[in-house]
Amino acid sequence: MENLLDGWGLTVATFSPMVGVAVMLLIPGAQEHRHKMVALVTSLWVALVAVLLLIEFDIGHTDRLQFAVDKVWIDVISSHYSLGIDGISLPLILLTVLIVPLCIIYSWNHFPEPHNPKAFLILILVLETGMVGTFVAQDLVLFFVFFELVLLPMFFMIAVWGGPNRRYASLKFFLFTLFGSALMLVSFLALFFLTGAESFVFADLADAVASHGVSRTAQLWIFGGMLLGFGIKVPMFPFHTWLPDAHTEAPTVGSVILAAVLLKLGTYGFIRIAIPILPEAAVEWAPWIGLLAVIGIIYGALGCLAQTDMKRLIAFSSVAHMGFVMLGIATLTDFGINAAVMGMVAHGLITGMLFFLAGSMKERYHTLEISRLGGLLVQAPRMGWIFGLCIMASLGLPGLAGFWGEFPAILSAYSPANGVPVETFRIYMVIAALGTVLAAGYLLWLLQRAAFGTPSDEFADDPNITDTTRDEWIAWVPMLVLIVAIGVYPNLVFRLSDGAVDASLHQCLKVDASELTAAQVEALGCADVYKISVGTSAGHAVVGG
Amino acid sequence: MSVELLTLAFERPPIDWHAFAPEITLLCAGALITLVDIVFLEKARPYTAALAGLGVLATLIPILTLALDGADRTMFGGAYVVDDFALITKAIFLLSGYVVILLSTNYVAEGDYWENEYYGLLLASLMGMVMMASSRDLISIFVALELLSIPAYLMVAWRKRDLRSNEAGLKYYLMGVFASAVMLYGMSLLFGVAGSTQLTHIADALVDAGPSVAVITMGIVFVVAGFAFKVSAAPFHTWAPDVYVGAPTPVTAFLAVASKAAGFVALLQLIYVGFYSRPEVFEPLIWILAAVSMTVGNLIALRQTNLVRLMAYSGVAQTGFIIAPLAVAGHSGAIGDQALSAVLTYLAVYAAMNLGAFAVIITLARRSGSAEIESFSGAFHYAPAMTVAMTIFFGSLAGIPPLGGWFAKFEVFRVLATAGEPWGYALAVIAAVNAVIALYYYAAVLLKMWAEDAPEGDHRPVPFTPSLTSALVICGGVTLLFGVVPQVVARFTDVSLLALGG
């Protein structure tokens, strides 16, 4: 069993959805029930494999790549079929394999127009392969292939099953992402050739950068290319404009997957690829990433205050929340990046839930115009309470998951890593803290307008407006339980991610210079780049690293 | 001694029959079609296409045996060479030719055109391509080029009573002859320098001639420009859109894939065997052709309303991608080899995905009778399989993993980056930006097919035919295979021409 998982576990988890797709292709489209069953069983099977992986996962060595596979894939370009998971990828994989079956259950009886469950479910399964693949890939080329694989299904999901403005939104989504990834590919290649690495495997590239020494300018350019590619996917201000459109037009399930998993591909890229491989360039770029992150926080929040459509509001809140994640990443500290991983999981669960709720409300009210809503707590009390809980989680109430993403990210900005300007990040910290106030503002205001009060005359006697249905309960309960569980016991995530994050950071980023002698600083050999001198402390002790 | 010379002069040059077996098989197939038609007249019509297809497939057998044999065979003092490069390109030509026959079967039969002549000409043109792959001499290159072009002129004008088809034929003919003339002029200049038509001799003469001889530069520029017409590289692409629209669609597919590939093969041989010592001449030339082709092709493609016209401009842009690696090919021998395999890889993938796209267009246009993009709207509702197929082919043309095109584009980027020159990086960035522009028009067509309603709610199903279906299956399978296991194509295209030339 263990051996089987070791060699094949990740491959099975990644490609099982494609087997499901192959089976579904053979079944005629008219047999809808059979399609739903095949898709559900496939996604549950993937979830089961992931749970088995979790059970077998050696929690004592989260920094080590486990279940690793390394086979030559494309010999001519020295690309490997290299898979493996550590404590950073595991939570995200679990999130993915949880969300997909829930989405299938949620859409069981109400597929959006133009219906066609066969095609819709096939796209979801293809998406699953792409998402899981991105999180397990340990080779740049393989990573790129999976990263791109999610594009087409999401494009069609928005374009075919989306809202009235779907053509514009889907094309915008597609072009933005592809533009980023085209430049990202060029920087991947430049990285490979300038370092003369043995292969595209992450570890080889990191070694090659460390030992061969790529020129500083080249590193900065390469990091810049990755910043564009990953930053558009996150999305960071000012590349975020595709997100509100895509979210507003996408069908409910599409929005959920987009928010819960797809956005994480970008932040994951930073944590997994950009920072470990190019730490020196990361230090240079960190203030700018931090700046864009806090602009995103404030801009997203102000954007939320101005929205009249509930779905669009949640989309803008994503921009703000991903700003917190990026701020945590920009500190380049163990603490900040752990906060980012937590933020990714929390945002996936909470914003995913909010989009589910938005979809269910749209189905009942046929509109998400906030000014026309109201009185949800009266008409559908259970749904109203769930909505309230998610709003509280989203604004970062302690005891719910959102808190553990936001608060540590802000705190980590107090003492960024060696070489990152401390004063700048303390200013960012203050601004980000203000952002949480704004977040509370727009979220509570949304709750007040949509859920409190009495129903407007328009909907007062609408028989359409019912409380939470069975399908909705099945889809939502696991997510709600996790939001609370992680909120109460955040170590569920931190225990997995901490070791891996720590190992992914260059030692010069985290060394505490105040305890070193001059000789020891000299021995590090990186004092210049990371501005380490005897007796100074970048403030690590403050956070108690 | 003198007696020996005399007897030698009267002896026919030694011929390696095994090396010639593909050409002879193809010739026999063409002759057989003509004979069958003369003997059986109308009764033979239903079988002509099958005969032609079998002939092409039979030609692959000697190519296989030659590949297994593995030895390089040189004939006529180096003018005709059968090596790995020749074999792999011949295989690409023949397989694309076979798919074109599959595409033509119903089109020609339903249009009540002259089947025997059509397939005869198609095989003749293929014959020119197969010869082109082995030609390492200006004269044999030129003969092969005319042999592949002249039947193509006729086939473009095949819809005899259609004005557009006639216009296309005439336009293609005039442009083609003009290009041949330019090229011949360039060849005459090179012959003047080298005193020989053989590419290896020209290569030696170019090395001996010293750094700056204007005649050599002019010769190279003219020859390359002549082939730029053939491969429809901007600014020599103006014939392509009109000819593509006017020609019968299977012939368009043939021109867009096989005929274009033949132009590239000739270009590769000329550059690698002949001009390799002059990177300062051909590199900037190719750089400009590549950058201009990508940009012009993509920008004009954005505004097209006819799908075949769009394919013409997308073809111009793809040409830019295909030749881009040659812009750094002279950097060093290793990069030259990589550039060669990048071009061949792209050609192989391009053949599969482009023929596939044309197969979908032909199938869907059989129903609506129109190639306007509007008439493809809502295809997802009445032809979901076709829509998925088109998504695979267009996605591949746009270079989205895991469809074959991504690996081809990846190889181009890789070679440009490996050279490590600012010019290479600049071209890579231009290519990256163009890849995104191209995505817009590919995605716009796909959006119409997936997301819109069929015009006038017309949901009749699409009539499938066995030959079109098999063409789709072949192209789709190859496109996916190359994307998921690129090693397959990379293994075959890992060949070199430099061992011969320099």
Seminar exercise, completed: Quick calc, B:ASN166 & B:LEU35: beta-carbon distance into FRET formula, R0 22 Å, rounding 0.05, result 0.15
Exercise. Per residue of chain B, what 222 nm ellipticity follows from adding -39500 (n - 2.57) for every DSSP H run with n ≥ 4, rounded to the nearest 500?
Worked result: -25000 deg cm²/dmol
Seminar exercise, completed: Sequence order, the range B:454-469: Karplus ³J(HN,Hα) from phi using 6.51 cos²θ - 1.76 cosθ + 1.60, θ = phi - 60°, Hz rounded, Gly and Pro as x, gives 5, x, 6, x, 7, 10, 4, x, 8, x, 8, 10, x, 5, 5, 4
For this session: Arrange B:THR469, A:THR177 by Cβ neighbour counts within 10 Å, fewest through most, would you?
Result: B:THR469, A:THR177
Seminar exercise, completed: Relative contact order as a percentage, chain A, C-alpha pairs under 8 Å and 6+ apart, gives 15 percent
Exercise. Could you give the nm distance between label points at A:HIS366 and A:VAL477, where each point is 7 Å from its Cα heading toward the beta carbon?
Worked result: 3.2 nm
Exercise. With a 10 Å Cβ neighbour count serving as the proxy for reagent exposure, in which order, fewest first, do B:ARG45, A:ARG470 appear?
Worked result: A:ARG470, B:ARG45
Seminar exercise, completed: Expected integer from the mean partner chain Cβ neighbour count at 10 Å over B:410-420 is 4
Exercise. A:TYR489 to A:VAL437: FRET efficiency via 1/(1 + (r/R0)^6), r the Cβ-Cβ distance, R0 30 Å, to the nearest 0.05?
Worked result: 0.65
Problem set entry | Other-chain or far-sequence residues with amide H under 5 Å of B:ASP137's (modelled H) | B:LEU199
Exercise. Remind me, what semi-axes does the protein assembly as shown give for its equivalent ellipsoid, largest first in whole Å, using sqrt of 5 times each Cα gyration tensor eigenvalue?
Worked result: 56, 36, 23
Exercise. Just counting partner chain Cβ atoms within 10 Å, what average do the residues of peptide A:182-190 show around their Cβ?
Worked result: 6
Problem set entry | Fraction of the pair-distance distribution of the range A:279-367 above 18 Å, Cα-Cα pairs, percent | 52 percent
Problem set entry | Distance between modelled label sites at A:ALA460 and A:ILE27, nm, 7 Å Cα→Cβ extension | 4.7 nm
Problem set entry | Between 0 and 90°, nearest 10: helix A:470-488 axis offset from chain A longest Cα axis | 30 degrees
For this session: Scan around B:GLU372 for amide H atoms under 5 Å from its own, H built in the peptide plane at 1.01 Å from N, and keep only partners 5 or more places away or cross-chain.
Result: B:LEU307
Seminar exercise, completed: Projected onto their principal axes, the Cα atoms of the range A:2-510 stretch, largest extent first, over whole-Å spans of 72, 57, 42
Problem set entry | 10 Å Cβ shell holding at most 12 others, DSSP loop, trypsin sites (Lys or Arg not before Pro): longest site-free stretch of chain B | B:304-502
Exercise. Considering every residue in A:145-157, what mean count of other chain Cβ atoms within 10 Å of its Cβ is obtained?
Worked result: 4
For this session: Working from Cα positions, state the angle (0 to 90°, nearest 10) between the long axis of helix A:401-412 and the longest principal axis of chain A.
Result: 30 degrees
Exercise. How far apart, in nm, are the 7 Å Cα→Cβ label points at A:ILE427 and B:ASP204?
Worked result: 7.2 nm
Exercise. Each residue of the range B:267-278 in turn: what ³J(HN,Hα) in whole Hz from Karplus with 6.51, -1.76, 1.60 and θ = phi - 60°, glycine and Pro shown as x?
Worked result: 4, 4, 5, 4, 5, 6, 8, x, 9, 4, 7, 10
Exercise. How do A:TRP445, B:TRP158 rank when sorted from fewest to most other Cβ atoms within 10 Å of their own Cβ?
Worked result: A:TRP445, B:TRP158
Exercise. If one computes P(r) from the Cα atoms of the range B:13-162, what percent of pairs lie at distances over 20 Å?
Worked result: 48 percent
Problem set entry | Cysteines in the protein assembly as shown lacking a second Cys C-beta under 4.7 Å | A:CYS103, A:CYS304, A:CYS390, B:CYS28, B:CYS475
For this session: Find the Rg to Rh ratio for the range B:269-406, where Rh is the Kirkwood radius over alpha-carbon pairs and Rg uses the same atoms.
Result: 1.07
Problem set entry | Enclosed volume per residue, in Å³, of the convex hull spanned by Cα atoms of the range B:278-502 | 111 Å³
Seminar exercise, completed: Cα gyration tensor of the range B:96-151 diagonalised, 5x eigenvalues square-rooted, in angstrom largest first, produces semi-axes 27, 11, 6
For this session: Evaluate the charge dipole of chain A about its Cα centre and quote only its size in Debye, nearest 20, assuming +1 on the Cβ of each Lys and Arg and -1 on the Cβ of each Asp and Glu.
Result: 1080 debye
For this session: Highest first, please rank the peptides A:481-492, A:138-149 by the mean number of other Cβ atoms sitting within 10 Å of their residues.
Result: A:138-149, A:481-492
Exercise. Can you list, bin by bin at 5 Å, the percent of alpha carbon pairs in the range A:18-176, starting at 0?
Worked result: 2, 9, 15, 18, 18, 16, 11, 7, 4, 1, 0
For this session: Using only Cα atoms, tell me the angle between helix B:422-451 and the longest principal axis of chain B; keep it within 0 to 90° and round to the nearest 10.
Result: 20 degrees
Problem set entry | Amide H contacts of A:VAL201 (H built 1.01 Å from N, under 5 Å, at least 5 apart or other chain) | A:HIS80, A:LEU140
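Computed from the coordinates by the stated procedures, all read-outs in this text should not be read as laboratory data. These numbers come from a predicted model, not from an experiment. Heads up, the Cβs are rebuilt from the backbone with ideal geometry, glycines too, and the neighbour counts pull from every protein chain shown.
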